[in-house]
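Visitor: Dropping a structure here in structure tokens format, bear with me for questions.
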Amino acid sequence: MILNPATQERLAEVPEADIADVDRAVARAREAQLRWASQPIAYRSRALRRIADAIRDNLEELALLETDNVGKPIADSRGEVAMVADTFDYYAGAVDKIVGQSIPVDGGVDFTVREPMGVVAVIAPWNFPLAIASWNIAPALACGNAVIVKPAEITPLSTMRLVEVVEALDLPHGLLQCLTGKGSVVGHRLTDIDGVDKISFTGSTEVGKQISQVASATLKRLTLELGGKSASVVFADADIEKAARAGVGAVFGNTGQDCCARSRMYVQREVFDDYVKFFAEASRAATIGDPRDLATVLGPLVSAQHHEKVSSFLTDDVDFIEAGTAPEGPGNWFAPRIAVAPDRSHRLVQEEIFGPIATVLPFDTEAEVIREANSSIYGLSGSVWSGDIGQALRVAGGIRTGSVSINSNTSVRVQTPFGGMKQSGVGRELGLAALDGYTELKNIFIATS
Ligand code: NDP
């Protein structure tokens, strides 16, 4: 049963696929892929543009499904669905740019071509269900693959609707399919079965490692976008008020359920108190409440189970500042908190929380803060706030993460590569870099002697 996290009311019942359903879907996808890859380039490019147009035509419905199912503020949902359409448009333009190389060799001519992998399974999470699914579906289709998408069990509604919208466009039957059900059944079978060539997974590092193991039996290609514990480094010569106010979106956006959340904020000691004051003020001004209300900035947590997990971080050994007030009554509401200078070994500093709890820590020197920012098993994203561009670039270069923003907390754009170092993942999504993850490189040699 699918619940609305803001009210805990029933939203829908969805079918649970079993192993036989997965096997039939894979067989359909294999046939569809051959038909799709043999279509003219202009047809495939136009098809992706038609998907983008159809998403825009259904934007409000898709955004409302996301809001009701995830508890996401409607302004965010609209922005995310617009980005989904932009993602399909971007990869529509990439279909005729999947190029190889010609390589100087003796005795002939040598060149490379990029071929589709075949069938791609996209296993998606619950925090940005449609956006993250589309970051993988769109480039996979652009490269000539068929796709089976498995949304998270608790947030399938927007993805199911997207696939219906695409089915109405009369593309090869089975090109894009949605299988709902449990990760341990549907996700596991997609990872295990021979007929799937590639898995694009976004979720926890723990499940990512399990997928990696199961997929190794058939040596499936993998893109893994996993957890994060990103740092925001704020130097004393930055615009402190601006950095602190931007911190609200950076760590409490999507109610903290964001793999790029800057949940460790390192602030230079001389401006530490000012930063905490501005940050708490700005956070208290953010409206927490009905996700369908345009003024809402923070909705509830996605599930009662996740609420319990986030609550386990509120221990008595740490000073927490209440940084907002959550509504009373049903719903998985959680007021944002700021943890002030806990011990560096505390789980607040070490573990991914995935909820609206920020940790603010003082530092003194550039070398010390680079060391601290890197003292994590994760390496997804991060920010540097500084008035000295040389210093900002040195620190950005020193932080071992897949992306860093200077005087900004952004991580994701359709045009730029996104992904993690260390235990935050393998491979890159988005931008032209994603095309490498959905093609196999073939070398062809022609003898001329
Ligand atoms: P999971 O990693 O468990 O789930 C992500 C996706 O994988 C879901 O579709 C899930 O299906 C599926 N899945 C689960 N088990 C398997 C399996 N054995 N084989 C194949 N697929 C599987 O994340 P959770 O939803 O449990 O969230 C747990 C934590 O993960 C969060 O608290 C957060 O720390 C992190 N997370 C990180 C995300 C990110 O963006 N990097 C996104 C979401 C979570 P099902 O939902 O049906 O179980």
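Visitor: Filter the stretch 155-192 down to the residues that are surrounded by 18 or more Cβ atoms within 10 Å (Cβ to Cβ) and part of a loop (DSSP other than H, G, I, E, B) and list them by number.
Guide: Correct list: Thr155, Pro156, Leu171, Pro172, Gly174, Leu175, Leu179, Thr180, Gly181.
Visitor: Which strands (runs of 3 or more DSSP E) sit wholly inside the stretch 198-265 and have at least 1 residues that are hydrophobic (A, V, I, L, M, F, W, C), within 12 Å of the ligand (Cβ to nearest atom) and surrounded by 19 or more Cβ atoms within 10 Å (Cβ to Cβ)?
Guide: Per the criteria, 198-202, 221-225.
Visitor: Hey, another quick one. Kindly establish whether Glu270 is open to solvent by 30 Å² or more (accessible area, probe 1.4 Å), of a type in the set (Asp, Glu) and in a helix (DSSP H, G or I).
Guide: yes
Visitor: Residues in the stretch 132-162 that are without any contact (Cβ under 8 Å) to a residue 60 or more places away in the chain and more than 9 Å from the ligand (Cβ to nearest atom): how many?
Guide: Total satisfying the criteria: 5.
Visitor: When the residues of the stretch 288-321 are filtered to those that are of a type in the set (A, V, I, L, M, F, W, C) and outside any loop (DSSP other than H, G, I, E, B), which remaining residue is surrounded by the fewest Cβ atoms within 10 Å (Cβ to Cβ)?
Guide: Only one residue fits best here, namely Ala304.
For every residue, the table says whether it meets (1) of a type in the set (Gly, Ala, Ser); (2) buried (at least 23 other Cβ atoms within 10 Å of the Cβ); (3) within 15 Å of the ligand (Cβ to nearest atom).
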site	(1), (2), (3)
Trp333	no, no, no
Ser345	yes, no, no
Ser375	yes, no, no
Val384	no, yes, no
Ile389	no, no, no
Val404	no, yes, no
Asn407	no, no, no
Gln415	no, no, no
Gly425	yes, yes, yes
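Visitor: Would you confirm, using the coordinates I've provided, whether Gly324 is part of a loop (DSSP other than H, G, I, E, B), open to solvent by less than 40 Å² (accessible area, probe 1.4 Å) and either within 13 Å of the ligand (Cβ to nearest atom) or in contact with a helix residue (DSSP H, G or I) (Cβ under 7 Å, 6 or more places away or on another chain) (or both)?
Guide: When the stated conditions are applied, Gly324 passes them.
Visitor: Considering each residue of the stretch 182-203, count those that are under 28 Å from Ile353 (Cβ atoms), touching a residue at least 60 places away in the same chain (Cβ under 8 Å) and not aromatic (Phe, Trp, Tyr), and give that number.
Guide: Total satisfying the criteria: 9.
Visitor: Evaluate the following for Ser376: is it modelled with pLDDT under 95 and small (Gly, Ala, Ser)?
Guide: No; evaluated as a whole, the condition is false for this residue.
The values are calculated or read from the model by the stated rules, or taken from the named source; none is laboratory data. These figures come from a predicted structure and were not determined experimentally. Don't worry about glycine lacking a Cβ; one is built from the backbone with ideal geometry, like all the others, and counts go over all protein chains shown. In case anyone asks, the SASA skips ligands and DNA or RNA and just uses the protein heavy atoms, side chains included. Shrake-Rupley method; radii C 1.70, N 1.55, O 1.52, S 1.80 Å.
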